[in-house]
Amino acid sequence: MSEGSDGFQHPSFEHQPYPPQGPPPGPGLAIASLVCSIAGFVVCAPVAIAGIVMGHIAHARARRGRAPAGAVAVAGFVVGYAALVVWGIMIPLVLHALFKSGAFG
């Protein structure tokens, strides 16, 4: 330790240990992505969008080696995109059928 002008010994920071690291992230984000994307088929399109976003984040983490389950992340955003396509086709068809049946007027 080095002694300062006030006679107090100041601690040396060059040999301080690194703070403890937490556990590495698990596959939770990738699994949540897949679950949200599958639910996006049934519930609504915004849930599929959440699955797509989480899938891309989990995939980026897996590519950098910071998280496992890269394949599950890819499946999550692919299924999410498929759910958006299905919703994109079904909503205009349902609206067309409702207008044609006279439900709106």
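Values quoted throughout were computed directly from the atomic coordinates according to the rules given, and no laboratory measurement underlies them. Just so it is clear, the model here is predicted, and its values are computed rather than measured. Here the Cβ is made from the backbone with ideal geometry for all residues, glycine too, and neighbour counts use every protein chain on show.
General remarks:
- Unmet requirement for Val72, which otherwise passes all of (1) closer than 15 Å to Leu34 by Cα; (2) more than 12 Å from the chain's Cα centre (by Cα); (3) not aromatic (Phe, Trp, Tyr): (2)
- Scanning the stretch 78-105 for residues that are surrounded by 10 or more Cβ atoms within 10 Å (Cβ to Cβ) and aromatic (Phe, Trp, Tyr) turns up Tyr81, Trp87, Phe99.
- Members of the stretch 57-77 that are surrounded by 16 or more Cβ atoms within 10 Å (Cβ to Cβ) and part of a helix (DSSP H, G or I): Ile57, Ala58, His59, Arg61, Ala62, Gly70, Val72, Ala73, Val74, Ala75, Gly76, Phe77
- Residue ID - farthest from Arg61 (Cα to Cα), chosen from residues in the stretch 78-104 that are assigned to a helix (DSSP H, G or I) and of a type in the set (Gly, Ala, Ser): Ser101
- Condition broken by Gly40, with the remaining ones in (1) assigned to a helix (DSSP H, G or I); (2) surrounded by fewer than 16 Cβ atoms within 10 Å (Cβ to Cβ); (3) out of contact with any Phe, Trp or Tyr (no Cβ under 7 Å at 6 or more places or on another chain); (4) not charged (D, E, K, R) satisfied: (2)
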